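Q: Take a look at the following structure, please.
Just so you know, all these numbers are worked out from the coordinates, no wet-lab data involved. Note that this is a predicted model, so its numbers are computed, not measured. Methodologically, a virtual Cβ is constructed for each residue, glycine included, from the backbone with ideal geometry; neighbour enumeration extends over all protein chains shown.
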Amino acid sequence: MTTIGVHHVAYRCNDAQETVDFYTNVVGMKYAMAISEDRVPSTKEPDPYMHIFFEAGPGSYLAFFELPNSPPMGKDPNTPEWVQHLAFEVPDEAALMTAKDRLESHGLDVLGPIDHSLFKSIYFFDPSGHRLELAANTGGAEMWRKAADVADDMLAEWNQKHGTVRQASWLHQKEFDESE
């Protein structure tokens, strides 16, 4: 199988209009299209929905479903809030800081920027409670290669002990040194 990119990722939202307003007016994405049906195309189940799409980059989309006949959406109580998130790339650190200012001007709490060595990120939540990340690459090709070179060994060690592995500890070493 060969993939050439992410076509779209889809999440649930509480309210389609609120979601369109947030992603267009606050985040600055283009509202691309909407689909609404009485039946689910893949399963043929009767379940009316509104499916909205936003351009997330060339040929990729972020999509949401509003499902009025389903119980209220919830979160996985066994997964920490910081784990499940959607990250978008921005062009550079200046764009990241401009985005942070824009988000905060709309009253959002924004965490960061956080320096991950390979990239810097900010984090915030949308109106439906989805955690979003904006990331600007800062590490350069050599750092990305260095991280990729240890990925197989890290996974193998993780599979043996299911505890922290240290082959890429350099990624956050400065952050941990400063906190001590």
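Q: Given points 7 Å out from each Cα along the Cα-Cβ axis, report the W170 to M33 separation in nanometres with one decimal.
A: With each label placed 7 Å out from Cα toward Cβ, I get 4.5 nm.
Q: Roughly speaking, what is the centre-to-centre gap between the range 19-82 and the range 90-123 when only Cα atoms are used, to the nearest Å?
A: The range 19-82 and the range 90-123 have Cα centres spaced 24 Å from each other.
Q: Debye calculation, C-alpha points only, no solvent: report log10 I(q)/I(0) for the chain at q = 0.08, 0.11, 0.19 Å⁻¹, in the same order as the q values.
A: Log10 I(q)/I(0), no solvent term: -0.34, -0.64, -1.37.
Q: Further, regarding this structure: Quick check: convex hull over the Cα atoms of the range 122-176, volume per residue in Å³, rounded to an integer?
A: Enclosed volume per residue, from the Cα hull, is 132 Å³.
Q: Let me ask you something else. Per DSSP H run of n ≥ 4, the term is -39500 (n - 2.57); total these for the chain, divide by its residue number, and report the mean residue ellipticity at 222 nm rounded to 500 deg cm²/dmol.
A: -7500 deg cm²/dmol
Q: Same structure again: Binned at 5 Å from 0, what are the whole-percent values of the Cα-Cα distance distribution for the range 85-137, short to long?
A: Taking all Cα pairs of the range 85-137, the binned fractions are 5, 22, 35, 25, 11, 3 percent.
Q: Return the FRET efficiency for the residue pair A10, R102: r is the Cβ-Cβ distance, R0 is 25 Å, and the value is rounded to the nearest 0.05.
A: Approximately 0.50, to the nearest 0.05.
Q: Relative contact order of the range 85-137: what whole-number percent is it, with Cα pairs under 8 angstrom and at least 6 residues apart?
A: Once divided by the residue count of the range 85-137, the mean separation gives 46 percent.
Q: Zone of W158 (label point 7 Å along Cα→Cβ, backbone N under 18 Å): which residues in the range 48-82?
A: 79-82
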